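Worksheet for the structure shown next.
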Amino acid sequence: MKNPDEKSVVVIGAGVGGLCAAVRLASAGLRVTVIEAQAGPGGKMRTMDSRAGPVDAGPTVLTMRGVFDEVFACAGTRLEDHVTLVAQPVLARHWWPDGSTLDLFADPEASAAAIADLAGARAADEFRRFHRLSAELYTAFDASMMQAARPRLAAIAVNALCNPRLWPVLRPGVTLARHLARQFSDPRLRQLFGRYATYVGGAPDLSPAVLSLIWAAEAQGVWAVQGGMHGLAQALARLAQQQGASLNYNVTAGRIERQEGRVSGVKLSDGRLLKCNQVVFNGDPAALLAGLLGKGPQGAVRPQAALPRSQSAWVWAFAAQPMGVDLAYHNVFFCDDPVQEFGPIAKGQMPDQATLYVCAQDRAAGPPPPGTVERFEIIMNAPPDTKQRAGEIAQCRQRTFPQLARFGLTFDQGPPDSSLTTPQGFATLFPGSQGALYGRSPVGMLAPFQRPGARTALQGLYLAGGGAHPGAGVPMAALSGKHAAEAILSDLALASKSHPTAMPGGTSTGFRTTGRAQSR
Ligand SMILES: Cc1cc2nc3c(=O)[nH]c(=O)nc-3n(C[C@H](O)[C@H](O)[C@H](O)COP(=O)(O)OP(=O)(O)OC[C@H]3O[C@@H](n4cnc5c(N)ncnc54)[C@H](O)[C@@H]3O)c2cc1C
């Protein structure tokens, strides 16, 4: 082999995207080294300590499980042999200040019946129509956008042209809020489905209507990971290791080295230099722009690929004994008026009243016995921010717990301040992010096309994670890891074709398979 670094890949970051890329690359026989600044895997899929054990402080809604089935299958194993997933018959329980409540179910007809009880037969029919339209949008965008390495505009256009029902949704300037105003006569349902914009860090009145397809992803099934979502990150990290990847925690990649116009190595905070020809960067692409990984990769992505920033959140993660309401696993307590929530957030302020999402982590398989101290994550949307304001924690506490108490939900003990992660806390945890949790803002029709793809302008530097195509969310970040791995494998195969002696023992894809891979 001419160059021993040719088959070495350094993955910077053990978030979902980085881990999925590592599993795939190691399974294909590459030498993979994962470098992670935190003490363990998961990135945003993290936990915090509580009196009832580690509690999720990141994602809680697992959708599109097929994406993960595929990652594990790639390594010759099955997802269910590594984590226990519990399908949730109730997708989420919703509460409004007027006292009304609504469960949405995995079974759309059960949801329609619940909506009929809430708002009448007309609302149920509107829901059925919305459900069908969302599913059609999902189908139109799945292969051409989410599963594709880059958004395939021609395929999207053909899909859209073939289905006139999609035209009003895809018309330029149609926001999710506007689309929902046409779909639903009941304002509560507009508020409920408008909240899906926040899943990717946007606001309903600014984000494109196509985001209504997120409902279709949820309607295909929502799973809880037994023991908490973090268990999925741990399982992916173990799988990467079993495939031969080396995982290194508590060490930061300080600089991506460049030589002769391409990546040549990664300089670590402990002084080591890892020589390699390929780097997968799983941090926020904004970190590259800001020069946090050195000058070499600074021009690798365009500013529009990372700016403007998406929303952030205030996140409580704690244990307590709940009282007063019958919680499901996923619960949403709506504020009076979404305009009063998203208006201040757009101005960089904490809203007086906000919708609160409550995950009751120990209710994946139903409610525990009364009196149990349970684990909770509460999320309130926030603007991205790098500065902590005076009094912010007290203000956030005030906006959270008295608001829940108005719905009847109280806890035997309020959480300590240390169980709150603020936007500024996220900015510190995820360098370059400015506290934004979902990479580039999804606002604007062209946002999906602005996100960077796996390949960058710097040869040998690839991106994976929520800041890269196809965007934020656990399954999307996992798909970005797939796109990064496939880009590397295809680029190496091309290189080995032009230098056939460079990759001895190469397969048709240009790679030697490892003993593990051969044994499958
Ligand atoms: C509170 C919250 C709730 C969410 N809820 C959901 C949900 O319910 N469902 C859903 O699907 N999605 C949800 N998301 C979004 C989802 O969690 C993310 O989109 C996804 O986990 C991002 O994965 P990633 O691959 O981008 O990596 P990240 O999670 O961003 O991790 C990147 C990793 O890279 C490391 N890193 C960065 N720079 C360096 C460096 N220089 N050296 C070493 N290491 C470095 C970081 O330490 C980090 O561990 C939520 C996110 C948050 C924060």
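The values are calculated or read from the model by the stated rules, or taken from the named source; none is laboratory data. Treat the numbers as computed from the prediction; the structure is a model and nothing was measured. When we count neighbours, we look across all protein chains shown, and the Cβ atoms used for this are built from the backbone with ideal geometry, even at glycine. Keep in mind that these areas ignore ligands, DNA and RNA; they rest on the heavy atoms of the full protein, side chains included. Shrake-Rupley method; radii C 1.70, N 1.55, O 1.52, S 1.80 Å.
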What strands (runs of 3 or more DSSP E) completely inside the range 177-284 contain at least 2 residues that are open to solvent by 30 Å² or more (accessible area, probe 1.4 Å)? 246-248, 253-259, 262-268, 273-275
Residue pairs qualifying under the 6 Å Cβ cut-off, at least six apart or on distinct chains, with the first in the range 239-268 being among the aliphatic types (A, V, I, L, M) and the second being open to solvent by 50 Å² or more (accessible area, probe 1.4 Å) and not in a helix (DSSP H, G or I), are Val251/Ser269; Val251/Asp270
Condition test on Asp337, is it open to solvent by 10 Å² or more (accessible area, probe 1.4 Å) and without any contact (Cβ under 8 Å) to a residue 60 or more places away in the chain? yes
Hey, can you tell me all the residues within the range 30-39 that are more than 6 Å from the ligand (Cβ to nearest atom) and crowded, with 24+ Cβ neighbours inside 10 Å? Leu30, Val32, Val34
Unique residue being among the hydrophobic types (A, V, I, L, M, F, W, C), touching a Lys or Arg at 6+ places or on another chain (Cβ under 6 Å) and either more than 14 Å from the ligand (Cβ to nearest atom) or touching a residue at least 40 places away in the same chain (Cβ under 8 Å) (or both) when the list is Ala286, Ala290, Ala365, Ala319: Ala319
Working only within the range 288-312, note down all residues that are surrounded by fewer than 24 Cβ atoms within 10 Å (Cβ to Cβ), at negative phi and not charged (D, E, K, R). Leu289, Ala290, Leu292, Gly296, Gln298, Gly299, Pro303, Gln304, Ala305, Leu307, Pro308
When Leu307 is run through (1) in a loop (DSSP other than H, G, I, E, B); (2) over 22 Å from the mean Cα position of the chain (by Cα), the failure sits at (2)
Single match in Phe411, Phe430, Phe407 (criterion: closer than 26 Å to Pro297 by Cβ and not aliphatic (A, V, I, L, M)): Phe430
Assuming Ala21 fulfils every condition listed in (1) of a type outside the set (Ser, Thr, Tyr); (2) touching a Cys at 6+ places or on another chain (Cβ under 9 Å); (3) within 16 Å of the ligand (Cβ to nearest atom) apart from one, which condition is it? (2)
From the list Ala154, Ala140, Ala148, pick out the single residue that is among the hydrophobic types (A, V, I, L, M, F, W, C), over 30 Å from Phe342 (Cβ atoms) and either touching a residue at least 24 places away in the same chain (Cβ under 8 Å) or not in a helix (DSSP H, G or I) (or both). Ala148
Would you check which residues across the range 40-68 are small (Gly, Ala, Ser), more than 10 Å from the ligand (Cβ to nearest atom) and surrounded by fewer than 18 Cβ atoms within 10 Å (Cβ to Cβ) and list them? Ala52, Gly53, Gly66
Does any residue of the range 83-106 turn out to be modelled with pLDDT of 95 or more and in a helix (DSSP H, G or I)? no
Could you give me the residue pairs with C-beta distances under 7 Å whose first residue belongs to the range 435-446 and is open to solvent by less than 20 Å² (accessible area, probe 1.4 Å), whose second residue is acidic (Asp, Glu) and more than 10 Å from the ligand (Cβ to nearest atom) wherever it lies, and which are 6+ apart or on separate chains? Gly435/Asp385
Please determine whether any residue of the range 90-97 is aromatic (Phe, Trp, Tyr) and surrounded by fewer than 19 Cβ atoms within 10 Å (Cβ to Cβ). no
